[in-house]
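Below: one structure, written as structure tokens.
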Amino acid sequence: YMDLLDLFAGGWTHANCTTTGVTLKDVQCYDFASSYPACLTTRTFPIDKFVEVEPSEYDFLLSLDLEDVNLPYHYWLEFEAYDIDSKTCNTWWSNSKCVEIKSGQYDNGKIFAADYVRIKMTDLDFDTFRKAYEYDKDSFKIIRMYKAESGYLPVEFIQLILKWYGNKTSFKGIEEKIAEYNRLSVLELFQK
């Protein structure tokens, strides 16, 4: 349970260090307004207890396309890596989520570079880590690795998410409807 708590990283929001404190004009952005319900209703999740596997299963993890919605397993791993260096000025992993870190250089709490890190990550976070950072592949070491069978959330739960999301979007901008939505959502949750 404590390991799973350590794995939780939340969302990623962060200023770009090259423009911190600078007022930018004519900026374009894109809002993923339905990202959470989309992931909850279309992606697989661990549906069984995590069991420890041999570090040799790491090669299988690397062979998976984590964008595939039909993954057979989900993993989490604890690893150590040396000579970490961000590939871009957009740093990603928070130093507070490291089990251990040595000689870290930070961008507002995110790791820009480090001599050594020991980290616990989910398979999805590890996939991003590999894309976001350079590190010494020869000294990289898996300390522990776990897997659980993968599957979709229960249909009843997915239907509830879609219903609540539909209600939320239909009430958007109508102040008195937001309170009604919140009240009905909580009541319905406790009735299940």
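The values are calculated or read from the model by the stated rules, or taken from the named source; none is laboratory data. The structure presented is a predicted model; accordingly, all values stated were derived computationally and were not measured. Backbone-built Cβ (ideal geometry, glycine too); neighbour counts: all protein chains shown. Note: accessible area is taken over every heavy atom of the protein model, side chains too, but ligands, DNA and RNA are not part of it. Shrake-Rupley method; radii C 1.70, N 1.55, O 1.52, S 1.80 Å.
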| task | Could you tell me whether ASP83 is open to solvent by 60 Å² or more (accessible area, probe 1.4 Å) and part of a strand (DSSP E or B)? | result | yes
| said: Quick test of your reading of the structure: TRP76 fulfils all but one of (1) under 13 Å from PHE126 (Cβ atoms); (2) part of a helix (DSSP H, G or I). Name the failing condition by number. | reply: (2)
| Hey, does the stretch 118-132 have a residue that's open to solvent by 30 Å² or more (accessible area, probe 1.4 Å), outside any strand (DSSP E or B), touching a residue at least 24 places away in the same chain (Cβ under 8 Å) and closer than 11 Å to TYR82 by Cβ? | no
| Taking the stretch 58-68, which residues are open to solvent by 70 Å² or more (accessible area, probe 1.4 Å) and in a loop (DSSP other than H, G, I, E, B)? | ASP65, GLU67
| query | under 23 Å from TYR1 (Cα atoms) and surrounded by fewer than 17 Cβ atoms within 10 Å (Cβ to Cβ): does that describe ARG144? | reply | yes
| For the subset of the stretch 107-117 comprising residues that are surrounded by fewer than 16 Cβ atoms within 10 Å (Cβ to Cβ) and not acidic (Asp, Glu), which member is nearest to the chain's Cα centre (by Cα)? | GLY109
| task | Please state which one of ALA38, ALA81 is farther than 25 Å from ASP136 by Cα and of a type in the set (A, V, I, L, M). | result | ALA38
| Within the bounds of the stretch 41-56, is there any residue that is closer than 28 Å to SER139 by Cα and either part of a helix (DSSP H, G or I) or out of contact with any strand residue (DSSP E or B) (no Cβ under 9 Å at 6 or more places or on another chain) (or both)? | yes
| task | Would you please name the residue that is modelled with the highest pLDDT, looking only at residues in the stretch 170-192 that are loosely packed, with under 13 Cβ neighbours inside 10 Å and within 16 Å of SER34 (Cβ to Cβ)? | result | SER170
| task | Scan the stretch 16-40 residue by residue and report those that are within 19 Å of THR122 (Cβ to Cβ) and either touching a residue at least 12 places away in the same chain (Cβ under 8 Å) or touching a Lys or Arg at 6+ places or on another chain (Cβ under 7 Å) (or both). | result | LEU40
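Residue-wise test of (1) open to solvent by less than 60 Å² (accessible area, probe 1.4 Å); (2) within 25 Å of ASN90 (Cα to Cα); (3) in contact with a Leu (Cβ under 8 Å, 6 or more places away or on another chain).
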| residue | (1), (2), (3) |
| --- | --- |
| TYR1 | no, no, no |
| LEU4 | no, no, no |
| PHE8 | no, yes, no |
| THR20 | no, yes, no |
| THR23 | no, yes, no |
| GLN28 | no, yes, no |
| SER35 | yes, yes, no |
| THR41 | yes, no, yes |
| ILE47 | no, no, no |
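Listed here are the residues, each with its yes/no results for (1) of a type in the set (A, V, I, L, M); (2) open to solvent by 20 Å² or more (accessible area, probe 1.4 Å); (3) at pLDDT 95 or above.
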{"site": "VAL51", "(1), (2), (3)": "yes, yes, yes"}
{"site": "SER56", "(1), (2), (3)": "no, yes, no"}
{"site": "ASN70", "(1), (2), (3)": "no, yes, no"}
{"site": "TRP93", "(1), (2), (3)": "no, no, no"}
{"site": "SER150", "(1), (2), (3)": "no, no, no"}
{"site": "GLN159", "(1), (2), (3)": "no, yes, no"}
